[in-house]
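Have a look at the structure below before the remarks.
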Number of protein chains: 2
Amino acid sequence: MKMSQLLGLRFKETPADCQIASQILMLRGGYIKGVGNGIYSLFTPTKRITQKIEAILRDEMDRIGGQEVMFPVTLPADLWKESGRFESVGSELLRFKDRSGNDMILGMTHEEAAVHLARNTAQSYADYPFMIYQIQTKFRDEPRARGGLIRVREFTMKDAYSFHTSQEDLENYYKECYDAYHRIFARVGIPEVFAVKSDSGMMGGKVAHEFMLPTEIGEDTLVICDECDYRSNMEVAPCIVENEVAPDAELEMVSTPDTKTIDELCELLKITPKQTCKAVLYRKEIDDSLVVIFIRGDLEVNEIKLRNYLKSEIRPENADEHESDITYGFIGPVGFNAKASIIFDRSLIGTHNLVTGANKTDFHYIGFTPERDIPSPIDFIDVAKTYDGAICPICGKKSIKTIRGIEVGNIFQLGTKYTDTMNMRYSDKNGEMQTPIMGCYGIGIGRLAASVCEARRDDYGPIWPISIAPWQVHICALRSDNPLVAETANRVYSELLAKGVEVLFDDRPVSAGFMFSDADLLGVPIRITISPKTCSRGVAEVSLRDKSFKQDMQLDTLTDDIRNMVDELLSKFSHEAVMTR
Amino acid sequence: MKMSQLLGLRFKETPADCQIASQILMLRGGYIKGVGNGIYSLFTPTKRITQKIEAILRDEMDRIGGQEVMFPVTLPADLWKESGRFESVGSELLRFKDRSGNDMILGMTHEEAAVHLARNTAQSYADYPFMIYQIQTKFRDEPRARGGLIRVREFTMKDAYSFHTSQEDLENYYKECYDAYHRIFARVGIPEVFAVKSDSGMMGGKVAHEFMLPTEIGEDTLVICDECDYRSNMEVAPCIVENEVAPDAELEMVSTPDTKTIDELCELLKITPKQTCKAVLYRKEIDDSLVVIFIRGDLEVNEIKLRNYLKSEIRPENADEHESDITYGFIGPVGFNAKASIIFDRSLIGTHNLVTGANKTDFHYIGFTPERDIPSPIDFIDVAKTYDGAICPICGKKSIKTIRGIEVGNIFQLGTKYTDTMNMRYSDKNGEMQTPIMGCYGIGIGRLAASVCEARRDDYGPIWPISIAPWQVHICALRSDNPLVAETANRVYSELLAKGVEVLFDDRPVSAGFMFSDADLLGVPIRITISPKTCSRGVAEVSLRDKSFKQDMQLDTLTDDIRNMVDELLSKFSHEAVMTR
């Protein structure tokens, strides 16, 4: 393609309201254009990138026995009523009525549609296992769209659904898909992606993994261990602490005026937050009842773990919302007698001599030792967020580190949540009716493209891996008004096209600086610069966008050499290449 | 792929509520599954067919300089308010509100989105012309979904938008696209598709063509001339009649009791409908005013032509809706004095001695000669549907024929309807601001697949052209429990896959009859049958689905021979092959 025909503006200025580098570069490079909040049109370079990602996804899905199908974007609400999600999912599910007044939704995930397609079809055990997948538009009415294609409302997703006759078979297939996902991320150029255990959220099921690209701008907090292979999403990571032995002291109420916060309290008593036992209050959405968590003062509550323990959605207590005799700011376990579920976090196991609220305005207890001062035996529950320096649940060392990451894929062992509620059955070898077991496996295409941009770039633009680059070769014809340059560049362009190379040819009458900065923004891996100077020496300058190579190459063998260079670069991203890593 | 793993049921029974053959075959063959009214999931065979159609579309669009982009499915209503279509389009446009209460729509066509993407980008004449296209899901809340994938509510469409700086440039490009469309239909296997002039409907613009596949189950009526190349959609075809000379007679009122219909009148007076002048009544939606059309009694009103003439949507008059002193059933031009717009159709030019209503219950005039009996000069308007035997507007012979067809594509010269309302401008060579001129070009992918099925089938199933067939080769292994058959079939399967042939391998332990009827329903062009008998003779039976070929072929050279056969069949559908037709 010739640059003179490529639609899209490239510019130097940082656009307003940009949070992250990939968003800035994709706007500045003419990749995307915002149409509405979290809704984008894609210019040709992005479309070419996403098509290549999709081809890699299809290849890896087909290799693990997937068959591509297509579900609708618009779905009758009835299907989601069958599974119960029409009611249970919040307003990120877009509900609407069609012209006849029927309830409908925009698909944000397609478990229901997958069961609908398969349930009258796979009726015998002999039809199992199978996996169906699609690459399709989805809509999630995201309250916090941000970061360009990283978090949007409309997106294209590869979503796959597998069906099995035993948990063991699901687990085996889950492992195959897990490996395929690692190959996919390696093939699109971000082999550093790793999997962490995660919460299954609204999808249901017990085991789930997220594939995470480590990056400072990530929305997720990941928990890793430097001493062993432990990797987890913060959401589900256990928090294991070892409390230092402290001398016991007597429980005593002391006056602590104006100490509503831990910091004020520590300031007054000359202690650290670790030496306190604080109270954190929530309400269960299910029955609006109060939940009080007592936790070591330096730690935070992990709301996902709390929600899963309580089996209810929760919200932070709002003191103004209910009338109560709770002494906010001075709550403690001793003498607390408001109506509430009380939870002691595991961080309090073995603690001694803490400071905690006395349930009386401007008073705290000192010398609090939970297992001594609480009369009944305490059932400690793990609801704290883990932290840097906590104990690794696998190797037991104090080596937990938290880092940030972008979720670029996820896989779930769904179990029978959907097949059961939607009444999908098959007859087993003995003619008995059974419920199939499902797994599901998702990758967002646009987010993946933006994540690669985030991870593979310099100050001047993206450095696209050749496996997904919009073009393989970028010809810069400097001084295209020079007949020799024009003739040479056009010949190289035609020859490369004839050899099946994907070429972007900058044929515009613009300055070298302008041309190179556009080329940097387009991030094509191989650049060929042709100028009056190079022509006079019978060469072209060939360089790689990642700056690892720059060399004059003879014009007479140039296009063969470039074809070979493309093949060699591409070969590093093949299925076979990443299999042997 | 192995049949034992392919999801989808195939069966013999005709499903309920089916209107047309392609719908029956695509349901019986495990191609599609209804999810809601006019909303389908696609099984793997259909997905493979549509992907091949999409590849052909991309190839032909790229060859005429198109660049692929992607617009959103969900669009802020603001864009459609800019163009005026948020208000002007009826309830087939799905409107909804997002979680923040913003008006949004589901894209049913993307002119607004195309202008939005291009308007800040193509600001200089040097950026023109260009064409952008996408292949994307659309939703049209169709009141009359029918015929499987022929008329649906959710569908995938290739839609293209070109932008020009002169009408001449648009017309040249329109012609290029017109030719590309003919190549596309030839390449997917229905070269009989022809273009007709059509009404531009809600798209606006003056010149438009529809590409029509002639078929009895078509929803459109086409007007063709057997004597010349004239082709038109009924919607816009002029109706040209030659009235026989009849003797004049005196205008006379006669009693015609109980003759509310033309048939009853003709019966009583022993005349033919052609000898009458009837009245057809409509209301304009724009101001609810009455319109009376006088037309030769054997003809019908073409509502599209009438709507375009009146520049208003219309509806048939409902006698119960308004109070009036109109004598329904006995309306005629002489003495008609209700408040209404009066239109005389061109079919009345030169008529003499007609029977027409006397505006008095149970009375008609005889001897009515319009140009004599109507005092003021009549401005005859063409609002009649043309008919078999009418006069061709091109060659002038009485050779008009009407046939049925499915619309498989359409192209429009839009002019500046969208660029103007949406304020898209560029600076011309003199630095003056100008408004670009647009064209748009659409093809529905699912409808095209179903149309090919409708046109290329026999009683047993579709006969897919190899260019879009779900697989190229179908291996039927009869008695796969026989070790020699199993070994041979597996070897042929692996060799063909290694040679890049797309193979469906029926490895199931089912009877020959069952296997062949499934193969017929899947419609794969080349079939290889391997049985104990063929193996013992060192051959396989090779046949074509269209029954034009059936022959034993030696096993030792089979896979090379099949590879060649595939290439030869494919070559007939290449761009180059259809260019030389």
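Computed from the coordinates by the stated procedures, all read-outs in this text should not be read as laboratory data. All values reported here derive from a predicted model rather than from experimental measurement. We place every Cβ from the backbone using ideal geometry, glycine too, and count neighbours over all the protein chains shown.
Mean residue ellipticity at 222 nm, helices only, the protein assembly as shown: -8000 deg cm²/dmol; runs of at least 4 DSSP H residues each add -39,500 (n - 2.57), and the sum is divided by the number of residues. Shape class of the protein assembly as shown from the alpha-carbon gyration tensor: prolate, with a/c at 1.5 or above and a/b greater than b/c. For segment A:82-145 versus segment B:309-356, the spacing of their alpha-carbon centroids is 53 Å. The distance separating the Cα centre of segment B:175-200 from that of segment B:532-549 comes to 37 Å. The label point for B:Glu285 and the one for B:Arg372, both projected 7 Å from the Cα toward the Cβ, are 4.3 nm apart. The mean number of Cβ atoms from other chains found within 10 Å of a Cβ in peptide A:44-56 is 2, as a whole number.
A point 7 Å from Cα along Cα→Cβ stands in for A:Gly90, and the other copies hold the same point at 4.0 nm, listed in rising order. Exposure proxy ranking for A:Ile526, A:Ile286, based on other Cβ atoms within 10 angstrom of each Cβ and starting from the fewest, stands as A:Ile286, A:Ile526. With a cut-off of at most 16 other beta carbons within 10 Å, and DSSP calling the residue loop, which trypsin sites (Lys or Arg not before Pro) in segment B:231-274 qualify? Please list them. In loop regions of segment B:231-274 (DSSP not H, G, I, E or B), the sparsely surrounded trypsin sites (Lys or Arg not before Pro) are B:Lys260, B:Lys270.
Within segment B:252-373, DSSP assigns beta bridges of which about 75% are antiparallel (rounded to the nearest 5).
Could you list, in their original order, any pairs among A:Lys138/A:Lys158; A:Lys138/B:Lys52; A:Lys158/B:Lys499 whose Cα atoms are separated by more than 18 Å? A:Lys138/B:Lys52; A:Lys158/B:Lys499, as the Cα separations exceed 18 Å there.
Starting from the 7 Å offset along Cα-to-Cβ, what nm value, one decimal, do you get for the label separation of A:Glu244 and A:Gln167? So the two model labels end up 4.4 nm from each other.
Just subtract the alpha-carbon distance of B:Glu252 and B:Phe549 from 0.36 nm times their residue separation and send over the number in nm, one decimal.
99.7 nm
Taking every residue in B:97-105 and counting other chain Cβ atoms within 10 Å of its Cβ, the average works out to 4.
Each of A:Ile394 and B:Lys401 was given a label point 7 Å from its Cα along the Cα-to-Cβ line. The distance between the two points is 7.6 nm.
Evaluate peptide A:62-71: per residue, the Cβ atoms of other protein chains within 10 Å of its Cβ; return the mean as an integer. Mean inter-chain Cβ contacts per residue within 10 Å come to 5.
Amide H contacts under 5 Å for B:Ala384: B:Cys239, B:Asn302, B:Arg346, restricted to partners 5 or more places along the chain or on a different chain, H placed in the peptide plane at 1.01 Å from N.
Chain B comes nearest to the axis taking it onto chain A at the Cβ of one residue; that residue and its distance, in whole Å, are B:Phe96, 2. Packing here is the average count of other Cβ atoms within 10 Å per residue, and on that basis the peptides B:427-434, B:288-295, highest first, run B:288-295, B:427-434.
Between copies, the label points at B:Ala577 (set 7 angstrom from Cα along Cα-to-Cβ) are spaced 3.5 nm, reported in nanometres from shortest to longest.
When you count, for each residue, the other Cβ atoms within 10 Å and take the mean per peptide, how do A:317-326, B:20-29 rank with the highest first?
B:20-29, A:317-326
Select from segment A:439-473 those chymotrypsin sites (Phe, Trp or Tyr not before Pro) which occupy a DSSP coil region and have at most 16 other Cβ atoms within 10 Å, ordered by residue number. Let's see the in-between values first.
Values: sites: A:Tyr441, A:Tyr460, A:Trp471; in loops: A:Tyr460, A:Trp471.
In loop regions of segment A:439-473 (DSSP not H, G, I, E or B), the sparsely surrounded chymotrypsin sites (Phe, Trp or Tyr not before Pro) are A:Tyr460.
Across the identical copies, the label point of A:Pro509 (7 Å from Cα in the Cβ direction) is separated from its matches by 7.7 nm, in order from shortest. Can you grab the distance from the C-alpha centre of segment B:237-259 to the C-alpha centre of segment A:442-481, Å, no decimals? What the calculation gives is 75 Å, centre to centre. Our coupling estimate for segment A:363-378, obtained by passing each phi through the Karplus curve with A = 6.51, B = -1.76, C = 1.60 and θ = phi - 60°, is 10, 10, 8, 10, x, 6, 10, x, 6, 9, 8, 9, x, 8, x, 8 Hz, Gly and Pro reported as x.
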